[in-house]
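Below: the structure, in structure tokens.
The values are calculated or read from the model by the stated rules, or taken from the named source; none is laboratory data. Since we're looking at a predicted model, the values are computed, not measured. Cβ: placed from backbone, ideal geometry, glycine included. Neighbour counts: every protein chain shown.
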């Protein structure tokens with residue numbers, strides 16, 4: 001009887017486990033940030049943000065998957081910034097995903113984040129984001145950062161990259 005109970009519990013554990021490699025990436029609810037009015041009168045900017053969905057370990061044949069947090073920080077205390085597009089590219093420069101269908105705002109001093117879980121390694125070792133954003137001429141420059149982290153056992157790795165303005 002005891003063996004039957006143990007076998008039943010083990011069977012339930014196996015049946016409840018999912019071997020689903022699909023990943024869920026966390027993005028803000030863009031619909032609550034949608035801009036309905038015209039914002040073309042603002043200064044236009046582009047920022048390139050490097051990130052690493054994977055890094056090499058010991059050789060080019062072994063890669064470690066990383067969890068990535070993309071942080072968009074409006075450093076201005078008075079003005080909103082407006083994100084016109086957020087595009088995610090892989091190592092080969094192929095567009096993986098577009099995050100926006102319409103412009104959205106980021107409030108003064110607000111931070112919004114996009115999370116790429118470690119099993120989302122489509123970007124590879126040379127992934128990047130391209131942001132098109134608009135702001136009043138008097139606004140301070142927002143900060144675009146990527147934070148990568150991985151832990152295995154008692155070891156961990158974490159590092160950051162900052163975005164650079166591009167034309």
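Observations
- 1 or more residues at pLDDT 95 or above, on the phi < 0 side of the Ramachandran plot and surrounded by fewer than 17 Cβ atoms within 10 Å (Cβ to Cβ): qualifying strands (runs of 3 or more DSSP E) within the range 81-167: 81-89, 95-98, 111-116, 128-135, 143-152, 155-162, 164-166
- One residue stands out among those in the range 51-76 that are in contact (Cβ under 8 Å) with a residue 60 or more places away in the chain and assigned to a loop (DSSP other than H, G, I, E, B): the one that is surrounded by the fewest Cβ atoms within 10 Å (Cβ to Cβ), which is 75.
- Check on residue 48, out of contact with any helix residue (DSSP H, G or I) (no Cβ under 9 Å at 6 or more places or on another chain), in a strand (DSSP E or B), surrounded by fewer than 18 Cβ atoms within 10 Å (Cβ to Cβ) and at pLDDT 95 or above: yes
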